[in-house]
């Protein structure tokens with residue numbers, strides 16, 4: 001950013017696509033995840049969990065800590081030269097101390113988003129589209145068993161796109177909001 005303040009113009013040079021997404025120009029700055037210890041109200045030893053990535057996370061809805069706070073998961077595009085031509089966001093898990101990222105959703109070539117854990121840590125739910133290169137596809141609710149590795153779509157007959165969701169206190173019911181005939185409705189889905 002220091003170099004930007006000394007520039008005499010506002011020109012931008014791009015050496016790969018994407019340069020614009022819908023209604024805004026993309027800048028060289030990236031939203032990355034940092035984890036830090038907090039001592040006496042002061043951040044110490046922040047760890048950049050995405051230091052080698054030239055990609056963004058879309059916001060804090062795309063990030064979740066495991067219930068034991070030892071790892072976190074996030075949704076992001078894999079950095080690649082063809083980012084403008086696909087919508088393949090995957091969900092990655094990484095230790096909060098940094099280290100190797102594990103892709104939890106390699107089997108889906110479309111968009112995976114908004115991971116969240118059951119309170120007991122047994123399940124991770126997330127939203128997923130099924131059509132690669134389609135930003136307007138329906139988001140279905142998926143469930144990944146963190147013990148067995150089994151995954152399944154919850155309520156596959158549900159014809160609405162999932163907006164938001166939250167695990168219930170029993171760790172087996174997921175409450176889902178969705179647009180339905182111009183209004184938001186809440187549904188309970190058993191896992």
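The values are calculated or read from the model by the stated rules, or taken from the named source; none is laboratory data. Here the structure is a predicted model, which means the values were calculated and not measured. Ideal geometry is used to build each Cβ from the backbone, glycine not excepted, and the neighbour counts take in all protein chains shown.
The numbered conditions (1) in contact with a strand residue (DSSP E or B) (Cβ under 9 Å, 6 or more places away or on another chain); (2) modelled with pLDDT under 85; (3) closer than 25 Å to residue 117 by Cβ are all true for residue 59 except (1).
Considering the conditions (1) assigned to a strand (DSSP E or B); (2) without any contact (Cβ under 8 Å) to a residue 24 or more places away in the chain, residue 74 is excluded by exactly one of them, (2). Taking the range 26-44 as the range and being touching a strand residue (DSSP E or B) at 6+ places or on another chain (Cβ under 9 Å), surrounded by 10 or more Cβ atoms within 10 Å (Cβ to Cβ) and either at pLDDT below 85 or assigned to a strand (DSSP E or B) (or both) as the test, the residues that pass are 26, 32, 34, 35, 36, 37, 43.
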